[in-house]
Amino acid sequence: AAYALASRRSYWAAGDYYVVGGSGRVLFNTSASVKAGLAAGGVTFSFYDGDDPVQAAQMMSGATLAIACGGAIAQESWDRPHLRLDQDSFLTSLVSATADRRAAGVLPPLLVAAMAPGAITADWSPNADAALIVFLGGEATGGAIADVLTGAVNPSARLPVT
């Protein structure tokens, strides 16, 4: 999801995939998306902005690596109703539906990139080839994920949860 600055300014507690909502939030004027980070890093890629696992699997064909993104939102004025990512059912369907074809080398490896405000459940993880979890990366989210995926930096693996 692209960073929608106008909608974030309208309510002080509004959070999104990049920053927590509430009195400590920071607004920024640039796109923090993984798509923007990959494009800024010069990576050539195809993009599917939907939640149909069949179409997403078709987009994976011919790629070197497939990246499926998900996120969860938190804000100061309410509790998260569960620990799943907002796209949990899509991710679960996609990794399950493509597991055999990925194992056979027909489809590329699938990395799940998750933007989360804290702990998450990841029932899809046993069927994903890799997972990258970023906790409230702010305006550097997309660029940081692109840097890790391209090998420009080595992820530090310092997790705020155990």
So if I check each of Gly50, Gly37, which one is surrounded by 19 or more Cβ atoms within 10 Å (Cβ to Cβ) and either under 17 Å from the mean Cα position of the chain (by Cα) or closer than 24 Å to Leu107 by Cα (or both)?
Gly37
Go through (1) buried (at least 20 other Cβ atoms within 10 Å of the Cβ); (2) modelled with pLDDT of 95 or more; (3) assigned to a strand (DSSP E or B); (4) not aromatic (Phe, Trp, Tyr) one by one and return the number of the condition Ala114 breaks.
(2)
Step by step: first the residues of the range 60-77, then only those that are free of Cβ contacts under 8 Å to residues at least 60 places away in the same chain and surrounded by fewer than 15 Cβ atoms within 10 Å (Cβ to Cβ), then the one that is nearest to Asp147 (Cα to Cα). Which residue is that?
Thr64
Test: residue in the range 143-152 that is of a type in the set (Gly, Ala, Ser), buried (at least 18 other Cβ atoms within 10 Å of the Cβ), out of contact with any helix residue (DSSP H, G or I) (no Cβ under 7 Å at 6 or more places or on another chain) and in a loop (DSSP other than H, G, I, E, B)
no
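The values are calculated or read from the model by the stated rules, or taken from the named source; none is laboratory data. A quick note: this is a predicted structure, and the numbers were derived from the prediction, not measured. In this analysis, Cβ positions are derived from the backbone assuming ideal geometry, glycine residues included, and neighbour counts consider all displayed protein chains.
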